[in-house]
1. Among the listed residues 34, 54, identify the single one that is more than 25 Å from residue 171 (Cβ to Cβ) and surrounded by 23 or more Cβ atoms within 10 Å (Cβ to Cβ).
2. Kindly provide the set of residues from segment 250-271 that are part of a helix (DSSP H, G or I), in contact (Cβ under 8 Å) with a residue 24 or more places away in the chain and more than 22 Å from the chain's Cα centre (by Cα), ordered by number.
3. Considering 151, 146, 182, which residue is farther than 24 Å from residue 78 by Cβ, in the same structural domain as residue 83 (by TED's automatic domain parsing), within 22 Å of the chain's Cα centre (by Cα) and surrounded by fewer than 17 Cβ atoms within 10 Å (Cβ to Cβ)?
4. Which pairs turn up if I take residues in segment 304-325 that are in the same structural domain as residue 358 (by TED's automatic domain parsing) and look for partners that are in a loop (DSSP other than H, G, I, E, B) with beta carbon separation below 7 Å, at least 6 apart in sequence or on another chain?
5. Out of 221, 208, 252, report the one residue that is touching a strand residue (DSSP E or B) at 6+ places or on another chain (Cβ under 8 Å), surrounded by fewer than 24 Cβ atoms within 10 Å (Cβ to Cβ) and at positive phi.
6. Of these, 304, 324, 343, which one is within 30 Å of residue 37 (Cβ to Cβ) and at pLDDT below 95?
7. Take the residues in segment 388-401 that are part of a helix (DSSP H, G or I) and touching a residue at least 12 places away in the same chain (Cβ under 8 Å), then tell me which one is nearest to residue 436 (Cα to Cα).
8. Quick one: in segment 235-249, of everything that is assigned to a helix (DSSP H, G or I) and in contact (Cβ under 8 Å) with a residue 60 or more places away in the chain, which residue is surrounded by the most Cβ atoms within 10 Å (Cβ to Cβ)?
């Protein structure tokens, strides 16, 4: 049996370890080697990369995608997209979702890994439909978590629902690395029995379970796994690519990876990792094994962001208290899986509860929107007192929230005007208006300070 490998160093691994601060210049020189290493796909976009490019790196995320595609010609490029949230933290109208998918496909994206934080698949239908219309690979996600309301039978039904929707493959997304080997075996077996399309597994090394979980998943028939080149593996990132290749080969499984190329890739990233360690951007805290995640269910990206946020507020000493509050907030919200944007919402609310010394003294606008039903149907029962506090006597939304939204793309295009040079710029503005405008200012200033010259040979 062949096992497919998706490399995450360009997206999730650096998102989980260094809060997505990896600039294009730090990996441009290894792209062709990555392309020739034998990966099933390269996850290089989506998640927080879009936000980080605009906010911190002064990069155009669309230009980044085009530059990657120019050098990666054989290996499919893969992105993570948050259903109607796209890459932001709120639901966008259908016209924006369709335009984003279309432009992503035109700029080089091949595989769209589409998930809904609540596993409310009403919210992924439009993204799946547009991906298929663009002739691209729609991979539907099941966000994995444990709770009194999440069962094996329910997950198997989710898989069938995704297949019936028309997705080309399924990914089980274990954001916090809490899936153990037995759970992986049982879940993959259940899915392989209920669907005919390929099933992939995504996990993190946070709890130390990752390699064992992958081994049992493959034994159960899992078609592919997500790994990170070893210099950017472990901790809150994924298990190491080289390690999993070696172990699975010993057990008789095949793959298409080139060991010499993997060595070249890992050597390339060694000084990159050192630079981030030396600067403090890579905190050793996120490199260790943290079994507390088995209790808190905090995913890698959420943990690295919590660390960064608390440090910025000189409150790092409150981390344990915040982590202890996370499960309480999650229960109050009906046991949602902790994945973006819900993980950030829960993390921010848990932090606010701890720092204020009073639970729900301050409620974020995102949590208020969640309680109004804007993000979809919660897996379990939401705390009624909390709903009453936010919603009052108003009704909670039970329909697909995007059905209540007016088209927004043309309106945003008119609003931003000439500052947007393309439809891609408009989409950046819609997703992150403040940071997009900041980047447009940077781009204009940079170009105005650029000196253009021509060398002409002087005639004798």
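1. Details: 34 fails: more than 25 Å from residue 171 (Cβ to Cβ).
Of the residues listed, the single one that is more than 25 Å from residue 171 (Cβ to Cβ) and surrounded by 23 or more Cβ atoms within 10 Å (Cβ to Cβ) is 54.
2. In the first step, residues of segment 250-271 are kept if they are part of a helix (DSSP H, G or I); the result is 250, 259-271.
When the remaining residues are screened for being in contact (Cβ under 8 Å) with a residue 24 or more places away in the chain, the result is 261-262, 264-266, 268-270.
Result: 261, 262, 264, 265, 266, 268, 270.
3. Numbers: 151 fails: within 22 Å of the chain's Cα centre (by Cα); 182 fails: within 22 Å of the chain's Cα centre (by Cα).
Being farther than 24 Å from residue 78 by Cβ, in the same structural domain as residue 83 (by TED's automatic domain parsing), within 22 Å of the chain's Cα centre (by Cα) and surrounded by fewer than 17 Cβ atoms within 10 Å (Cβ to Cβ) holds for just one of 151, 146, 182, which is 146.
4. Qualifying pairs under 7 Å: 304/19; 304/236; 305/19; 307/283; 308/19; 323/292; 323/298.
5. Details: 208 fails: touching a strand residue (DSSP E or B) at 6+ places or on another chain (Cβ under 8 Å); 252 fails: touching a strand residue (DSSP E or B) at 6+ places or on another chain (Cβ under 8 Å).
Selected residue: 221, the only one of 221, 208, 252 that is touching a strand residue (DSSP E or B) at 6+ places or on another chain (Cβ under 8 Å), surrounded by fewer than 24 Cβ atoms within 10 Å (Cβ to Cβ) and at positive phi.
6. Details: 324 fails: within 30 Å of residue 37 (Cβ to Cβ); 343 fails: within 30 Å of residue 37 (Cβ to Cβ).
Criteria check complete, one pass: 304.
7. 401
8. We begin by selecting, within segment 235-249, every residue assigned to a helix (DSSP H, G or I); these are 241-249.
Still in the running and in contact (Cβ under 8 Å) with a residue 60 or more places away in the chain: 241, 244-245, 248.
Details: 241: 29, 244: 26, 245: 20, 248: 23.
The residue in question is 241.
The values are calculated or read from the model by the stated rules, or taken from the named source; none is laboratory data. None of the values given here were measured: they were computed from a predicted structure. When we count neighbours, we look across all protein chains shown, and the Cβ atoms used for this are built from the backbone with ideal geometry, even at glycine.
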